[in-house]
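Everything on this sheet refers to the single structure shown next.
The values are calculated or read from the model by the stated rules, or taken from the named source; none is laboratory data. A quick note: this is a predicted structure, and the numbers were derived from the prediction, not measured. Note that each Cβ is placed from the backbone with ideal geometry, even for glycine, and that neighbours are counted across all protein chains shown.
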Amino acid sequence: MSRAVYLNALGLINALGAGKRAVSETLFAGVTEGMKARSGFLRDRDVFAGGVDDPLPEIAAELVLYDSRNNRMLLAAMQQIEVDIRAAIKKYGPDRVAVVLGTSTSGISDNEPGIDYKTAHGVFPDGFDYDRQDNASLSLFAREYFGLTGPALTISTACTSSAKTLSSARRLIRSGLCDAAIVGGADTLCRLTMGGFASLELIADGLCNPFSRNRGGINIGEGAAVFLMSREEAKIRVAGIGETSDAYHMSTPDPEGTGALNAMRRALAQSGFSAADIGYLNLHGTATVLNDSMEAKAVSELLGGVPCSSTKPLTGHTLGAAGSTELAFLWLALDQELSAGRLPPHIWDGARDPELPDINLVAPGTVVGSASAMMSNSFAFGGNNISVILVRENG
């Protein structure tokens, strides 16, 4: 039996829009209109962030225990490929379709008003439930929504969460525990996360500026991206995955980029490709001083002049959803109908940092029509790293 797995369908929503076509139009044009100053997240000031302004679907009354903005974000993405998912369930059976999703915030934003109420009144308000912010809620909701009875798990490894769902789901499929899987993730803006990054002094004052000498921190974003994964041949194949853990520091990356470099090397080795075969790299590119420095070192050493960009000035850093969101951008770039060979541009001020290796940042309007293999990097607190290579099959 073939060990190859494919990404058969994609649904996504983020600051760029909702759905493949809408996101493609804004992604490849480098539109940053979804990035704006937003109030209510930090007490002392507005904060620049990538928000979803599209309406989100309601969750049915019988699933009220799972009703949160995070799960509604997930539902918006899943409904875009619901026909594909239900076809897989009909083909394989509800016990043979797994759910593997990633998040870091879950329903925290929905519980924050209840915590405020308890602070003021000493008791939680009616309807408050900690389970709403349980990370498991994401996958349990998806399983209940589709009536599945197979494996369901949520991965929460900060900024690598939803990228790592592809690795876990692929193992489930290859081991014979399932025939298909719903993979990806969702994260939503909340005060807890915003306050945490602000306390680390990592929040940018305006639009983030990755790899610039003027970079001054990240923008947080929200969104969801969901794939249907199976052995059934499709246009986009998962060619290689490399995972490492350098455990250098709780929140600071290894300044030499060793873990990042090894993750990319492992992805290449598993895929059978050489560095010259990679037509585009989606950088983790958070616009923090240390992350960009170590990633530039690793990319320069291994991939040389590969075209690359950080898409976080377009969406914000969607945290637990970042990995699947940026893999979705690879999926769109590999889809010739949607991309016409264009690459996601690198939006910044153009001020190169002389202390960083000179990597090939994609200018707006760049077209590389022949590229069939692309890589995406995701790096997380604690030195958790993953690189994933997707390839376009059949031309």
Answer with yes or no whether residue 109 is at pLDDT 95 or above and under 23 Å from the mean Cα position of the chain (by Cα).
no
Of all the residues that make up segment 289-307, how many are at pLDDT 95 or above and either part of a loop (DSSP other than H, G, I, E, B) or not assigned by TED's automatic domain parsing to the domain that holds residue 353 (or both)?
2
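Residues are listed down the side, and each one gets a yes or a no for (1) outside any strand (DSSP E or B); (2) among the β-branched types (Val, Ile, Thr):
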| site | (1), (2) |
| --- | --- |
| 238 | no, yes |
| 242 | no, no |
| 269 | yes, no |
| 285 | yes, no |
Name the single residue that is nearest to the chain's Cα centre (by Cα) among those in segment 91-106 being buried (at least 24 other Cβ atoms within 10 Å of the Cβ) and farther than 12 Å from residue 186 by Cβ.
100
Would you pick out the residues in segment 9-40 that are over 19 Å from residue 186 (Cα atoms) and not in a helix (DSSP H, G or I)?
28, 29, 30, 31, 32, 33, 36, 37, 38, 39, 40
Looking at segment 21-39 only, could you name the residues that are touching a Gly at 6+ places or on another chain (Cβ under 8 Å), crowded, with 16+ Cβ neighbours inside 10 Å and closer than 24 Å to residue 81 by Cβ?
23, 26, 34
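Yes or no, residue by residue, for (1) modelled with pLDDT of 95 or more; (2) charged (D, E, K, R):
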{"position": "214", "(1), (2)": "yes, no"}
{"position": "225", "(1), (2)": "yes, no"}
{"position": "233", "(1), (2)": "yes, yes"}
{"position": "246", "(1), (2)": "no, yes"}
{"position": "251", "(1), (2)": "no, no"}
{"position": "258", "(1), (2)": "no, no"}
{"position": "266", "(1), (2)": "yes, yes"}
{"position": "270", "(1), (2)": "yes, no"}
{"position": "274", "(1), (2)": "yes, no"}
Subset of segment 363-389 [at negative phi and surrounded by fewer than 24 Cβ atoms within 10 Å (Cβ to Cβ)]
363, 364, 366, 367, 368, 369, 370, 371, 372, 373, 381, 384
Out of everything in segment 324-343 that is among the hydroxyl-bearing types (Ser, Thr, Tyr) and touching a helix residue (DSSP H, G or I) at 6+ places or on another chain (Cβ under 6 Å), what residue ends up being farthest from residue 379 (Cα to Cα)?
339
Residue by residue through segment 235-257, note down the ones that are among the hydrophobic types (A, V, I, L, M, F, W, C) and either at positive phi or buried (at least 17 other Cβ atoms within 10 Å of the Cβ) (or both).
236, 238, 239, 241, 247
Looking at (1) of a type in the set (Gly, Ala, Ser); (2) touching a Phe, Trp or Tyr at 6+ places or on another chain (Cβ under 9 Å); (3) farther than 30 Å from residue 173 by Cα, which is the one condition that is false for residue 68?
(3)
Take the residues in segment 9-52 that are basic (Lys, Arg) and over 16 Å from the mean Cα position of the chain (by Cα), then tell me which one is nearest to residue 233 (Cα to Cα).
21
Filter pass, residue 234 being assigned to a loop (DSSP other than H, G, I, E, B), touching a residue at least 60 places away in the same chain (Cβ under 8 Å), under 17 Å from residue 359 (Cβ atoms) and aliphatic (A, V, I, L, M)
no
Pairs only if they're at least six apart or on different chains, beta carbon under 9 angstrom, first in segment 299-325 and in contact (Cβ under 8 Å) with a residue 24 or more places away in the chain, second among the charged types (D, E, K, R) and part of a loop (DSSP other than H, G, I, E, B); list them, first residue then second.
300/358; 305/358; 315/222; 316/222; 318/222; 319/222; 321/222
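Could you say which residue among 65, 16, 42, 12 is closer than 30 Å to residue 287 by Cα and surrounded by fewer than 17 Cβ atoms within 10 Å (Cβ to Cβ)?
Just a single option satisfies the conditions, and that option is 42.
What number of residues in segment 249-267 are assigned to a loop (DSSP other than H, G, I, E, B) and either within 19 Å of the chain's Cα centre (by Cα) or under 20 Å from residue 104 (Cβ atoms) (or both)?
5
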Among the residues of segment 176-229 satisfying the criterion of being of a type in the set (D, E, K, R) and outside any strand (DSSP E or B), which is surrounded by the fewest Cβ atoms within 10 Å (Cβ to Cβ)?
201
